[in-house]
Every structure is written in structure tokens, then in C-alpha cells.
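Taking it in order: structure first as C-alpha cells, then the write-up.
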Amino acid sequence: MEPVESQTRNETVAAEFTSESVETPVPSMPRVERRRKPRAWETPPAPVPPPHLDDYRKIVGEPEIDELRFLARELRGKTVKMVNSTAVGGGVAEMLNQMVPLLNEVEVKTHWDVITGGNDFFEVTKAFHNALQGSEYRLTPQAQDIFLMNNEQNRQRIQFSEDFIVIHDPQPAPLVGARKESPQRWIWRCHIDLSNPNPEVWGFLRPQIDKYDAAIFSSQSFARQLPIPQYLFYPCIDPLSEKNKEIDENFVQQVCDEFGVDRSRPIVTQVSRFDRAKDPVGVIQAFKQARKYVDFQLVMAGGGATDDPEGAAVLREVREAAGDDRDIIILDLPPWCALEINALQRASTIIVQKSVKEGFGLTVTEALWKGKPTIAGAVGGIPNQIIHKLTGVLVHSVEGCAYQMRYLLTHPDFAKQLGENGRAHVKENFLMTTNVRRWLLLLRILSGTK
Amino acid sequence: MTTAAVTPIRPHTPVKAFYFNTSAHLLRITRQKAASMFEFLEALRECPDGSIFQHTFRTLQEHHFIREGFSNDFAQWALSACNEPGLAEALATVDVREFTAVGDLRARFIEIVEEFLTRNPAAVNRPARETFYFCASDIVVIPTNQVAHTLQEFAEGLRRVSVHSIQHHFIEARLRLKLMSNDFSQWLYEDLGLTEAARQLNRIDIYTVTLDDVKNQIIRIVERALV
């Protein structure tokens, strides 16, 4: 097979996939010749430099960008420090990589610091993270000591002289102990779901949170009763990122050819790591029910099976559920295949995200942004994005998912309207520029320059 | 807006310029939430004015691209989480433009829910499929680059500003003005004497079209006044 050239990269395809056992063709359907062992990018691409604010003008419009600059005027010269627990990997670091340059561009001088700690610290914070999202955990005095001691070391190492200090997530939360008697404002940005926290760990953390001036959550349902104002910042996507930017139709075709996806027939896709919370087996069951009535292919594009034993087990279950069905295309992709994911989403007729447990569900945001009619589980932050039958459809079961697949595939006008509404919903509420706006607003409100 | 006769000022030469502003809103999560119709009614009574504003006026902008089936968050919740289409219809037909004070708007919603629960006592404590979380808006008003010294410039300003500015001047303005009108109509009427154009703007139906459509209708009316 020849190397594939993407729009922005020129890399050799080398690693081979092991998915698919494709032995049973359905004779009545014309189809492209499916490659038995699709291949993927072997190495991650070089990072793309973050965009400038003006790069978004074509997407969100001139007035929107002008409004951001007006909002920032009153904050000129103010300083912000963002603190989190990792510089690379994970959604928070990814968001800060985009957000910090944009805030600096509008002259809100923003600095980003990362806390340090030993393995014992990060083992404790990982356990806290899971416990705060509802897992069983026994909080020991030793874990408390490790948590507080490492935070104290970071407190002594990091300077906190800025006007606004933003602490991301629970790991560095006790840094608020460094707060001075000054107009300085401290903000806790909680990216995780606190709707059902382990009471011991939350009870331990809560006195620290009460010392902040404001807290930010990603969904109304994730918030707790606190004595400080709580704000709602939805997570967002960057429309200029590899995952979401406009791409050339030839590249979309190239990726489909590479992975054996037949564009002459409808394509339903779920993009998710192989995780039971995303119910990939349920999606396959829904596909099998729906296909009795309408012809289409199912693409299950995900990852996480290589370095996660549970992911590998789920992938095995998915393959087992798919059996030898040639119309189910399972792709275990490495995390740097953003452009390929983008292409698969754009090639799809419908996108599914049949999660049974979810944070916000940014794959739903990505699908809506691409104007795709989207079927998704009514869990976590998904109902914030999908207003049932207006910006997509919500489902609660395999049967419901199967029915909506059939319905949307046979009612293209309705599906098209959902897609258009979904894209407009994302443009208004879930883009990077909207988040810049939210940050500027919060800083103005907290500094009294409303 | 009153319709008393005034001596028209020379057309297209306003007494004062129109400064286009816009407003930005930050969502604050409040203490109120409702997992049943009873809790919903309690929360409607107790929530801050900012919550009523958010779930009616503001949500119109957040979902301004939807032409049908959506007018406020309360109606949407009654339909999707409580499966009460009759109540949803009653809540959805509350037109925010008939209210110049949030308190009156709140009273209307309370009245509708109370009437519904009186007729449907079984619905009082039935659990909703999803909890309704009351949020509130913190507002910052922002100037734009657009200023109109003439009707021509006004039309040009309308073309250039965002739908956020249209929402600010055309829909939310009545809470500031305490009048059944909007900033655009007020300016056209008071500063330009364009009574008919002002009246036509007030007749635009904001519920059956998108905010972009509303903006285009405003522009067309102003352009006709230019002729």
C-alpha cells in the first residue's frame, strides 16, 4: 500500500491494524474493495502552533472577535496565573495550550504553571480524582499528608503575585493557602464531575474550596452547594484544530479508501475510545437491529486499547459482537490520528455517541460542529448539547438507538435540519472563542469592572 | 411606546446618534433545582430574577437559530423531562415581549404551573426524567464600533453588528426601558419621527424565525424607511 499524504503532514503509514476478519461478503451490495489490514500513522505529528484570535474571524464573524477585544479592554494590564497538574496530555492541558496565548493576545497577561510532585503524590491525586467522581476509596491520614505536603512544596516554589489565580482541578486546590490580603482573586476551575463525590475525600477537600472567590464547573449537575459563586463554563472545541478544521474532500475520500469505508452507501460512525461507558457493544447491537430495515455501514473508530488493559478487553468484546460482518469497520487508532478522525466524521451520514456515562462528551460537540445529525445517550453533559429532536436526538436504550438510526437514515430532510441546528448550537455556545469570552467576563465580574 | 402625535423631526436627521452596544452574559449556577413539578414551582417562586431572565430572555439568544419548538427552558423541560405537552405549550406561549419587568414574567409562569397542578394533582410529585438546574445571568454591556448619525448609518450598523447586539437592543431592551418597545423603535420614533417604521419593528415575531431572520427583517424595514 502506498503512503497516504495528509493536508498538513507527509508521513509514511507503517503500523498495521489487526482489526476485521472480513470473510463474508454480502453479494447484493456493490462495495469498495476492503483492505484487510488497514494501517495507521506510526508517529505523532509535530504540534501545530496555536491560532491567533483573528484566525477565528472567518468562522465566528467579525463582530464576535471585535466584542472580545472590547471586553478585554478593561482588563488590559491585569495579570492571570493558571495552575494545573500536567503540561501535556489530557483535556485541561490541551485547553490551556489554546487559551493562554489567546488571553495574552488581548493583553491579559497570562502565565501557566504546572505543579510538581513524586509518584506517591500523583498516585494519591489519581485516587482522589476517581473518588471525587464517585469511586469507592478509603481516605488515610498518610494520603492526606502526601497531598498536603506536596501542595505546600509547590506553594513555596511558585510565585503568586498575579491579579487572578486560576487553579485547575483538585490536585493543586490547597495552593489557595498562598492567598494574600489583597484584591487578588482566586478561582477554582473544576473539570470533573462532582455530582456524587466520595464523602470522605470531598469533606477533606471542601474547606480548601471555600477559600476561593469563585468556582467554575462544566455542567450544572456537576456543581456542589458552596458558599461562593459558581459559574458554568462548558468545555469547548477549537474549530481550527486538526480534529475540527475544514479539510479537503480528496483527503476525506483518501481516508475512507484507506480504511475500507464505502462512501456510496450510508455511514454511521461512533468515535470513542474502547470503554464500556461508551457502550460500543450496544452500538453494534443497535446497528444489527436497524440494518434489518435499511442498508448502511457502521464505523467504530476508537483507541485506548494499546495501553489500557480494560480497553483491550472491550475491543475484544466489540470484535466478538461484530463477528464477521463486513459492514462493521472497527478501527483502533492511535491518539494522534486527529485528521483521520476528522475525515471519518465528515464522511459519515450520522454520528452516534451512545454513552451510558459521560463527562461532557466532546465527540458530540465535534459531530455537531461538522453539521452531522447526531444520536447520543442522554447522560452527563450531552443533553446540554443535544436538545432532543432540535439539535440531535437523545436515546436511552439500544432499541431507541436502532430506531433513530433507521429514522434519520430514511428522513434525510429532518436529519439535515438537525445537523444545521447542531452546528449553529456549537457556534453559539461551545467554541474556543466562546470560552475566551467567558474567561474575560468572569475576570471583569470578579474585578468589579462590569 | 405611546402613539401621541408629535411634530416629525426632519427625516433621517436624528437629534442624537444611536450607539450600538451588545451584552455578554456569564452563566451562574444557583442553588435552586427541581426534580419534580412541586420542586419546580417552589424554585420558580424562590429563584433570583436573574434565573427567570436567563431561562426566558437569554435562552432565546442561546438557541436563536431554532425556528420552531423552542421558546424557553421551562417549556422545554416540561416537555422533554416531564412529558407534559399541555403544560409545555402553555409555558411556551408566554411571550417575553409582553413583559417589562421580570417579576411580572415570574408571576405568569407561577400562575401557569399552579393552574396545571390544580387540574393535575397526580403530576405534583411525579419524578422528572431529568433535574432542572436553575441558572442566572451575570451581564456585562459592551460597546461596539458602530455609531449611527443618520438613518443610512443606522442601516449599515445593523448589518455589521452581531445577533447579540440585536438581542440586546431589540429583545432585552424592554426590561431597561420599562416600555413595550425596543431601543431601535424608540430611536426611530423619538429621534427621527419614523412612527410607522418604529411600529413595524415592534410587530416582528421573534418566536417563529431565527435571530438572524429578525435582524434581516429589521434591516428591510429600515431600508424601506430610507426610500
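How many residues, within segment A:413-429, are of a type in the set (A, V, I, L, M) and either facing chain B (nearest Cβ under 10 Å) or within 17 Å of A:Lys245 (Cα to Cα) (or both)? Working first, answer last.
Residues of segment A:413-429 that are of a type in the set (A, V, I, L, M), as a first pass: A:415, A:418, A:424, A:426.
Subset that is either facing chain B (nearest Cβ under 10 Å) or within 17 Å of A:Lys245 (Cα to Cα) (or both): A:424, A:426.
Qualifying residue count for the region: 2.
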- Query: So which residues in segment A:322-339 are modelled with pLDDT under 95 and either in a helix (DSSP H, G or I) or aliphatic (A, V, I, L, M) (or both)?
  - Reply: A:Leu333, A:Ala338, A:Leu339
- Apart from one, (1) crowded, with 21+ Cβ neighbours inside 10 Å; (2) outside the structural domain of A:Asn130 (by TED's automatic domain parsing); (3) within 27 Å of B:Thr210 (Cα to Cα) all hold for A:Gln417; the odd one out is (1)
- Task: Take A:Gly303 and decide whether it is within 30 Å of A:Ala223 (Cβ to Cβ) and crowded, with 22+ Cβ neighbours inside 10 Å.
- Result: no
- Item | Selection from segment A:216-244 of residues that are more than 15 Å from the chain's Cα centre (by Cα), more than 9 Å from chain B (Cβ to nearest Cβ) and surrounded by fewer than 19 Cβ atoms within 10 Å (Cβ to Cβ) | A:Arg224, A:Leu226, A:Pro227, A:Ile228
- Item | Residues being under 14 Å from the mean Cα position of the chain (by Cα) and within 14 Å of chain A (Cβ to nearest Cβ) - total across segment B:66-118 | 5
- Task: Could you identify the single residue in B:Val113, B:Val96 that is buried (at least 20 other Cβ atoms within 10 Å of the Cβ), closer than 30 Å to A:Gln230 by Cα and modelled with pLDDT under 95?
- Result: B:Val96
- Task: Identify the single condition in (1) touching a Lys or Arg at 6+ places or on another chain (Cβ under 8 Å); (2) more than 12 Å from chain B (Cβ to nearest Cβ) that A:Met432 does not satisfy, given that it satisfies every other one.
- Result: (1)
- Given A:Asp295, A:Asp262, which one is in contact with a strand residue (DSSP E or B) (Cβ under 7 Å, 6 or more places away or on another chain), in a loop (DSSP other than H, G, I, E, B), surrounded by fewer than 22 Cβ atoms within 10 Å (Cβ to Cβ) and modelled with pLDDT of 95 or more? A:Asp262
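Specify which of the listed residues (B:Ala136, B:Ala122) is small (Gly, Ala, Ser), in contact with a helix residue (DSSP H, G or I) (Cβ under 6 Å, 6 or more places away or on another chain) and at pLDDT 90 or above.
B:Ala136
Here is a yes/no grid of residues against (1) surrounded by fewer than 17 Cβ atoms within 10 Å (Cβ to Cβ); (2) in the same structural domain as B:Gln32 (by TED's automatic domain parsing):
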{"residue": "B:Val124", "(1), (2)": "yes, yes"}
{"residue": "B:Asn145", "(1), (2)": "yes, no"}
{"residue": "B:Leu151", "(1), (2)": "no, no"}
{"residue": "B:Arg160", "(1), (2)": "yes, no"}
{"residue": "B:Phe170", "(1), (2)": "no, no"}
{"residue": "B:Leu177", "(1), (2)": "yes, no"}
{"residue": "B:Phe184", "(1), (2)": "no, no"}
{"residue": "B:Tyr189", "(1), (2)": "no, no"}
{"residue": "B:Ile206", "(1), (2)": "no, no"}
- Query: Quick check: is even one residue across segment A:370-386 β-branched (Val, Ile, Thr), touching a strand residue (DSSP E or B) at 6+ places or on another chain (Cβ under 6 Å) and within 13 Å of chain B (Cβ to nearest Cβ)?
  - Reply: yes
- Message: For a quick check of your reading: which helices (runs of 4 or more DSSP H) sit entirely within segment B:147-190 and have at least 1 residues that are within 12 Å of the chain's Cα centre (by Cα) and more than 11 Å from chain A (Cβ to nearest Cβ)?
- Response: B:173-177
- Task: Could you identify the single residue in B:Ala107, B:Ala101, B:Ala128, B:Ala90 that is touching a strand residue (DSSP E or B) at 6+ places or on another chain (Cβ under 9 Å), in the same structural domain as B:Thr59 (by TED's automatic domain parsing) and surrounded by 12 or more Cβ atoms within 10 Å (Cβ to Cβ)?
- Result: B:Ala128
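The values are calculated or read from the model by the stated rules, or taken from the named source; none is laboratory data. All values reported here derive from a predicted model rather than from experimental measurement. All Cβ positions, glycine included, derive from the backbone under ideal geometry; neighbour counts span all protein chains shown.
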